[in-house]
Amino acid sequence: MNHQLRFGLIGCGRIAPRHAQSISELEPSRLVAVADVISSRAERYAKEHNAQAYTDYRQMLERRDLDVVTICTPSGLHAPMAIDAMQAGKHVIVEKPMALKLEDADRMIATAKQTGVKLCVVLQNRYNPPMRDLRRVVDESKLGKLLLGNATVRWYRPQEYYEDGWHGTWAMDGGALMNQSIHHIDALQWLMGDVATVFAHTTTLAHKMQAEDIGVAVLQFKNGALGTIEGSTVTFPENLEGSVALFGERGSVKVGGTALNRKVLWKIEGELEHENVLLRRDEVDPPSVYGLSHKTVIADMIEAIQQDRQPRTDGVVARKSVALVLAMYESARTGCRVEMDDGIWNGTK
């Protein structure tokens, strides 16, 4: 496939500019249509990108000249919109988490297979240079046997954040684990390997919302290592830390920064120590927790379509972090340890 890929964007909210800008900067792609239930937002995006605006995404999907749809709506809408787009013959890029229920994630994966289109989930932090370096040292066994892994998200959200009608609700969002911590949880299991058991506690202490604003969990991985997860939106008055740390027989590493973009600790036997160079914050970190790698995700999707291969963060890959969060929720609900099956939890039996 050598022709320019034509993109449609569903949802013109906070994350949409990352997608629109990335599409416009990639030569093989062009944004031709945008959809949002708020007509003024759709029209603004359409004007900025010389595209056509829709208030009903289904009408947009009727376009024959649309190759790829990128979905930037509240999480509870990801599955139905993605399935509608794939059934209309469009390749789909969807923001994290891919779905809020395992049955919805499975329907998305099955629809992609049945229709022959590509399904890509935005797990952009996997592409950050420090994360790629961390993946390399794990693959090359530079850390030796992995002993302990940790994912920490100590962020803050004011009450107003949860008063938009969907944030913090079970139907559309989930809480600190499913929304804010999903990238770090994905990174932890991607690096440490499949999870064998989960024991978790969740609570809501600082906000009026349905879902949790604090979640903690202890993991046992299939390789015998242990792990911990801490995710919250209570660290007044600002985000304090978002990090992933691995400790092995021959090394200790930690990646943090605004968006898993900075090597905080990097001590590996036989390698020169990477000191944490203190620079001005705006010289080190991206401007937001979204990071700078959306463009790389979309570029990989374009290449996957051109080469007829699976995107690197396809539905099967992305399902694991959703399943792990849902296993944490189940453990917190029941007060019991949850057993995983080859790193995958398929819900209550």
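The values are calculated or read from the model by the stated rules, or taken from the named source; none is laboratory data. Please read these numbers as outputs of a predicted model, since none were measured by experiment. Methodologically, a virtual Cβ is constructed for each residue, glycine included, from the backbone with ideal geometry; neighbour enumeration extends over all protein chains shown. Each accessible area value is taken on the protein alone, full model and side chains, heavy atoms only, with ligands, DNA and RNA left out. Shrake-Rupley method; radii C 1.70, N 1.55, O 1.52, S 1.80 Å.
Here are the numbers:
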read-out: Choice from ARG132, ARG14, ARG41 with maximal GNM fluctuation in the chain (Cα, 10 Å cutoff); value: ARG14
read-out: Between 0 and 90°, nearest 10: helix 102-115 axis offset from the chain longest Cα axis; value: 50
read-out: With every protein chain in place, the chain: carbon and sulfur % of accessible area (1.4 Å); value: 50
read-out: Net charge of neighbours whose Cβ lies under 11 Å from the Cβ of GLY168, counting Lys and Arg as +1 and Asp and Glu as -1; value: -3
read-out: Shape of segment 1-82, Cα gyration tensor, a/c cut at 1.5; value: rounded
read-out: Relative contact order (percent, whole number), segment 189-234, Cα cutoff 8 Å, 6+ residue spacing; value: 35
read-out: 5 angstrom amide H check on THR235, placed H, neighbours 5+ away; value: TRP155, TYR156, ARG157
read-out: Cα gyration tensor shape for segment 54-117, rounded if a/c is under 1.5, else prolate or oblate; value: oblate
read-out: Solvent exposure ordering (accessible area, 1.4 Å, most first) of MET209, MET301; value: MET209, MET301
read-out: Probe 1.4 Å - accessible area at ILE214, Å² to nearest ten; value: 40
read-out: 0 to 90° range, to nearest 10: angle between helix 129-139 axis and the chain longest Cα axis; value: 60
read-out: Nitroxide proxy distance, nm - points 7 Å out along Cα→Cβ at ARG309 and GLU160; value: 4.6
read-out: ³J(HN,Hα), Karplus 6.51/-1.76/1.60, whole Hz, each residue of segment 10-17, x for Gly, Pro; value: 10, x, 10, x, 5, 8, 4, x
read-out: Rounded to whole Hz, the Karplus (6.51, -1.76, 1.60) HN-Hα couplings of segment 165-181, x for glycine and proline; value: x, 9, 4, x, 9, 5, 6, 10, 8, x, x, 4, 7, 6, 8, 6, 9
read-out: Shape category assigned to segment 85-140 from the gyration tensor of Cα positions, a/c cut at 1.5; value: prolate
read-out: ³J(HN,Hα), Karplus 6.51/-1.76/1.60, whole Hz, each residue of segment 259-267, x for Gly, Pro; value: 9, 6, 10, 9, 7, 8, 9, 8, 10
read-out: For GLU212, distant residues with modelled amide H under 5 Å away; value: GLY175, ALA176
read-out: For SER293, net neighbour charge (Lys/Arg +1, Asp/Glu -1) across residues whose Cβ lies under 11 Å away; value: +3
read-out: Antiparallel bridge percentage (DSSP; both residues within the chain; nearest 5); value: 60
